[in-house]
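Some notes on the structure that comes next.
The values are calculated or read from the model by the stated rules, or taken from the named source; none is laboratory data. Predicted, not measured: the structure shown is a model, and the values here were computed from it. Here the Cβ positions follow ideal geometry from the backbone for every residue, glycine too, while neighbour counts run over all protein chains shown.
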Amino acid sequence: MPGYLERLEMLYGKQKVDILRNSKVAVFGVGGVGSYVVEALARSGIGQLDLFDGDVVAESNLNRQLIATVETIGMVKTDAAKLRVKQIAPDCIVNGYHLFYTPQNADSVDLSQYDCVVDAVDFVPAKCELAVRCESLGVLHISAMGAGNKLHPEMLELADIYKTSVCPLARVMRQQLKKRGVKKLMCVYSKELPRTPKLDANGQRCPASNAFVPSAAGLIIASWVVNTLTNEF
C-alpha cells in the first residue's frame, strides 16, 4: 500500500482502500467543482481517473479552480489536472480528454466501463445526457447543480434531483429529466438563493464565483463517491 494512503487505510481498512484502488471513475468538467472532485479522489486512492473537459485554464479561473495557477494559464485543463494528480498519486492511471461532452458526441464515450461517473459540467444538455445514459446502463452517477452566484457553502446538500428546491439549475434538470424518464439522480445543490452578479468589464453578466462554494461542492461529491464505492452510505 502506498504511504500516502496510510491514514486512509486506518479509517476505512485495507479491503475498502483496495476497492478504491481498483475503481475507475470518470469526471466530466474539471473546473471550479470538478477540479476539487479530482483532487479528493486522487488523494483517496482511486485507481483510474478519466477526465473530460474541452476548455483551457484562464486567468479568471484563478479565484476558484484548483488546477489554475499563473503557471497553468493557457494550458488544457485536463492536462493541468492530470499533472496535478500525478504529483499527488503517481500510481494513479489518469487519462485526459480535451472534449466538450454533448449529446452529439456522447456515443464516443463508453460510460459502461466506469464504476462511477461525476458530472461537473455547466451545459444542461450534457448533464441530461449523462444522467439518461448512466441510468440506462446502471452506472453510479452524481451531478453538480449550480455553485455560482452563491456565498454560503454550509447551505449545500446531497439529495435526489426530485427532492431539490431553490436552485434554478436543479429546477431545469428536474423538468428535463422527467420528460426523458429518468427516475433518480443523486446531486449536490444549494438551498441558497443565488445572487445577481454585477456586470463584468465588458458589460456582460456572467456567473460570479468564489473559492469556497464550488470547492465545498466538489468535496461533497468526492465524499459521496468514495463512501458509496466502499458501502459507507
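Structural remarks
- Test: LEU229 is over 21 Å from GLU129 (Cβ atoms), in contact (Cβ under 8 Å) with a residue 24 or more places away in the chain, surrounded by fewer than 19 Cβ atoms within 10 Å (Cβ to Cβ) and under 17 Å from the mean Cα position of the chain (by Cα): no
- Out of ARG180, ARG174, sole residue that is of a type in the set (Lys, Arg), out of contact with any strand residue (DSSP E or B) (no Cβ under 8 Å at 6 or more places or on another chain), surrounded by 14 or more Cβ atoms within 10 Å (Cβ to Cβ) and over 18 Å from VAL118 (Cβ atoms): ARG174
- Among the residues making up the range 14-36, those that are within 19 Å of MET145 (Cβ to Cβ) and either hydrophobic (A, V, I, L, M, F, W, C) or not in a helix (DSSP H, G or I) (or both) are ALA26, VAL27, PHE28, GLY29, VAL30, GLY31, GLY32, VAL33.
- If the condition is being acidic (Asp, Glu), more than 18 Å from the chain's Cα centre (by Cα) and over 19 Å from SER215 (Cα atoms), then the range 53-108 contributes GLU71, ASP91, ASP107.
- Residue list for the range 37-75, restricted to those being in a loop (DSSP other than H, G, I, E, B), under 26 Å from THR102 (Cβ atoms) and polar (S, T, N, Q): GLN65, THR72
- The listed residues are LEU20, LEU11, and the only one of them that is out of contact with any strand residue (DSSP E or B) (no Cβ under 6 Å at 6 or more places or on another chain) and buried (at least 21 other Cβ atoms within 10 Å of the Cβ) turns out to be LEU20.
- Just so you know, in the range 184-233 the residues that are of a type in the set (Lys, Arg) and over 17 Å from ASP160 (Cα atoms) include one that is modelled with the highest pLDDT, and it is ARG195.
- Selection count, the range 183-206, where residues are surrounded by 15 or more Cβ atoms within 10 Å (Cβ to Cβ) and either in contact with a Lys or Arg (Cβ under 7 Å, 6 or more places away or on another chain) or under 13 Å from VAL132 (Cα atoms) (or both): 5
- Scanning the range 202-225 for residues that are of a type in the set (Ser, Thr, Tyr) and in a helix (DSSP H, G or I) turns up SER215, SER223.
- Scanning the range 121-147 for residues that are among the small types (Gly, Ala, Ser), out of contact with any Ser or Thr (no Cβ under 8 Å at 6 or more places or on another chain) and buried (at least 23 other Cβ atoms within 10 Å of the Cβ) yields SER143, ALA144.
- Per the listing LEU66, LEU83, the residue uniquely crowded, with 18+ Cβ neighbours inside 10 Å and either closer than 25 Å to MET145 by Cβ or modelled with pLDDT of 95 or more (or both) is LEU66.
- Which numbered condition ALA26 fails, given (1) of a type in the set (Gly, Ala, Ser); (2) out of contact with any Phe, Trp or Tyr (no Cβ under 8 Å at 6 or more places or on another chain); (3) touching a residue at least 60 places away in the same chain (Cβ under 8 Å): (2)
- Within the range 70-80, one or more residues are of a type outside the set (Lys, Arg), surrounded by 24 or more Cβ atoms within 10 Å (Cβ to Cβ) and under 24 Å from HIS141 (Cβ atoms).
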